[in-house]
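Enquirer: Questions regarding the structure given below will be posed in turn.
What follows is calculated from the coordinates using simple rules that are stated; it is not laboratory data. All values reported here derive from a predicted model rather than from experimental measurement. Here the Cβ positions follow ideal geometry from the backbone for every residue, glycine too, while neighbour counts run over all protein chains shown.
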Amino acid sequence: MEKIIYCKRCVMNNASDKTIRFNENGYCNYCTDALAEINTTVYFPNENGKEKLKAMLAKIKQENHDKAYDCVMGISGGLDSSYLAYLGYTWGLRILAVHIDDGFDTEISKKNIKRLCDKTGMELRTITPDPEQFNALTLAYMRAGVPNLAIPQDNILFAFLYKTVVDEKLKYFVSGGNFALECILQKDHVFNAMDTVNIRDIHKRFGLKPIDKLQFISSYEKYVNDKLGRAISLRPLNYIDYNRERAFRELYDFCGFEYYGRKHLENILTAFVQTYWYPEKFGVDKRTSHLSSMIVSGQMTREEALKELQEPVYDEVMEEYIGIIKDRLGINDTEFEEIMKAPTHEHEEFRTDKFGKAVRKILN
């Protein structure tokens, strides 16, 4: 077995990501690159950020003063999108909130969304993908043995976001994506969620039901909308000192927002992918990315992160979640075990969108 090597500054390691590289000091490429982006290109938790945020908000409001909304925002019931919605409310933004109900929302996330929308008065539009087809496509991904089972979920959400932005002629959608908690995202075992060629090939090989009722967005469609300025994604959380614990406290005081566990655990399917599918099938602990991001943004020490990594990746609640997933996907214990024991595959082993791949290569 290959020796596990940890970065000496964060907790990224070669067990969770084979693409990692270390310099002569033992520091990895992830935290080295992320630290170089603070106060320079991406993250501005200072007076400079305040000025950038002020200009961003003024532009959004001015360009949409004659419309019913200033911007569109995806909301999941998790911390990042909820905190941004709360801040947007305090900033005076008229937000049209959109949510994808894939049938796997936790009860806590449902309550969080309702409390937040009730308190802010935001309009909420919810899309519910055809349950039979969505679950069948998710099962196809499991049978394919690929890492990211959440790609159908992500793509359908983006398709809805882009359609809403274009239909409402709003141009801007503000995202809860942020540097502070997401500056380190592993590159190994990941894939472009906009690759509809890959989605359809996996469905063709492993799907048992049609997916004609599901709405997707391709890399080309996203590129065209972005290029023409029809949809512009903004990340306001990169212009503030975004602190996780402070955000939870503020949301609790504002609307009784409840803590749901670690990052991405507000959705049953996402929680399964992050804390069971990745570690049990691919040997990948996604916590290393999340904890390393908090180290870089100064919200956690390396020692604290290493201590947290000693805790189990998931607890007894996962057994309940797995039961829900089996029930929704229509599989029994035997088939689930067969899927978990089957060989793994990468997304690139199936057909891919050459256009999307070329665009990503240029952008990178």
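Enquirer: For the stretch 119-257, with only Lys/Arg (+1) and Asp/Glu (-1) charged at the beta-carbon, what is the dipole magnitude about the Cα centre, in debye rounded to 20? If you can, show how the numbers build up before the last one.
Expert: Details: 19 positive and 17 negative charges, 51 e Å.
Dipole size: approximately 240 debye.
Enquirer: Could I ask something else about it? Which order, highest average first, do 129-140, 312-323 follow once you tally other Cβ atoms within 10 Å for each residue and take the mean per peptide? Walk me through the intermediate numbers first.
Expert: On the way: 129-140: 20.8, 312-323: 13.5.
Result, highest mean first: 129-140, 312-323.
Enquirer: Expressed in nm to one decimal, what extension gain is obtained for the pair ASN25 and TYR252 from 0.36 nm per residue of sequence separation less their Cα-Cα distance? Numbers along the way, then the final one.
Expert: Numbers: separation 227, 0.36 × 227 = 81.72 nm, distance 4.15 nm.
Value of the extension gain: 77.6 nm.
Enquirer: From the Cα gyration tensor of the stretch 167-318, with a ≥ b ≥ c the square roots of its eigenvalues, which class applies: rounded if a/c is under 1.5, or else prolate if a/b is larger than b/c, or else oblate? Walk me through the numbers before you get to the answer.
Expert: Details: a/c = 1.88, a/b = 1.24, b/c = 1.52.
Oblate is the answer for the stretch 167-318, as a/c is 1.5 or above yet b/c matches or exceeds a/b.
Enquirer: How large is the dipole of the stretch 104-152 about the Cα centre if only Lys and Arg carry +1 and Asp and Glu carry -1, each at its Cβ, rounded to the nearest 20 debye?
Expert: Numbers: 7 positive and 6 negative charges, 44 e Å.
Charge dipole of the stretch 104-152: 220 debye, to the nearest 20.
Enquirer: Let me ask you something else. May I have the convex hull volume per residue, in Å³, for the Cα set of the stretch 85-157?
Expert: Cα convex hull per residue, to the nearest whole number: 103 Å³.
Enquirer: Follow-up question, since we're still on this one. In terms of the Cα gyration tensor, with a ≥ b ≥ c the square roots of its eigenvalues, is the stretch 167-219 rounded because a/c is under 1.5, prolate because a/b exceeds b/c, or oblate? Can you show the working numbers first?
Expert: Working: a/c = 3.24, a/b = 1.33, b/c = 2.44.
Here the stretch 167-219 falls in the oblate category.
Enquirer: In the stretch 31-363, if the dipole is taken from +1 on Lys/Arg beta carbons and -1 on Asp/Glu beta carbons about the Cα centre, which of TYR172, PHE350, THR334 is farthest to the positive end?
Expert: TYR172
Enquirer: If the viscosity is 1.306 mPa s and the temperature 10 °C, what translational diffusion coefficient in µm²/s does Stokes-Einstein give for the stretch 129-209 when Rh comes from Kirkwood over Cα pairs?
Expert: 110 µm²/s
Enquirer: Divide by every residue of the chain the summed helix terms, -39500 (n - 2.57) for each DSSP H run of at least 4, and state the resulting mean residue ellipticity at 222 nm, rounded to the nearest 500 deg cm²/dmol.
Expert: Mean residue ellipticity, 222 nm, calculated: -14000 deg cm²/dmol.
Enquirer: I've got another one for you. With θ set to phi - 60° and the Karplus curve 6.51 cos²θ - 1.76 cosθ + 1.60, what are the ³J(HN,Hα) couplings of the stretch 94-102 in order, to the nearest whole Hz, using x for Gly and Pro?
Expert: Here the 3J(HN,Hα) series is 8, 9, 9, 8, 10, 9, 9, 9, 8 Hz.
Enquirer: Amide H neighbours of GLU123 under 5 Å, counting only residues 5+ apart in sequence or on other chains, H built in-plane at 1.01 Å?
Expert: Answer set, sorted by chain and number: ALA97.
Enquirer: A further question follows. Using a 7 Å offset from the Cα along the Cα-to-Cβ direction at both VAL313 and THR301, what is the distance between the two label points in nm, to one decimal?
Expert: Placing both labels 7 Å beyond Cα along the Cβ direction yields 2.8 nm.
Enquirer: Let me ask something else. Suppose every Lys and Arg Cβ carries +1 and every Asp and Glu Cβ carries -1, with no other charges. What dipole size does the chain come out with about its Cα centre, to the nearest 20 debye?
Expert: Values: 50 positive and 54 negative charges, 260 e Å.
Computed about the Cα centre, the dipole is about 1240 debye.
Enquirer: Starting from the 7 Å offset along Cα-to-Cβ, what nm value, one decimal, do you get for the label separation of ALA55 and ASP241?
Expert: That separation, rounded to one decimal, is 2.2 nm.
Enquirer: Still on this structure, please answer the following. Name the residue from ASN155, THR41, PHE216 whose Cα lies farthest towards the positive end of the charge dipole of the stretch 31-363, charges +1 on Cβ of Lys and Arg and -1 on Cβ of Asp and Glu.
Expert: With unit charges placed on the Cβ atoms, the residue in question is THR41.
Enquirer: On to the next question. If I model a spin label as a point 7 Å beyond the Cα along the Cα-Cβ vector, how far apart are those points for GLU337 and LYS8 in nm?
Expert: Distance between label points: 4.6 nm.
Enquirer: Determine the shape class of the stretch 24-106: with a ≥ b ≥ c the square roots of the Cα gyration tensor eigenvalues, call it rounded for a/c under 1.5, and otherwise prolate if a/b is greater than b/c, oblate otherwise. Show your work: numbers first, answer last.
Expert: Details: a/c = 3.15, a/b = 1.37, b/c = 2.29.
Because a/c hits 1.5 or more and a/b fails to exceed b/c, the stretch 24-106 counts as oblate.
Enquirer: Give the peptides 158-166, 215-223, 55-63 in descending order of average Cβ contacts within 10 Å, highest first. Walk me through the intermediate numbers first.
Expert: Numbers: 158-166: 20.0, 215-223: 17.4, 55-63: 14.6.
Order by mean packing, descending: 158-166, 215-223, 55-63.
Enquirer: I'd like the Kirkwood hydrodynamic radius of the stretch 1-145, using the inverse of the mean 1/r over distinct C-alpha pairs, in Å.
Expert: Values: mean 1/r = 0.0519 Å⁻¹.
Roughly 19.3 Å, rounded to one decimal.
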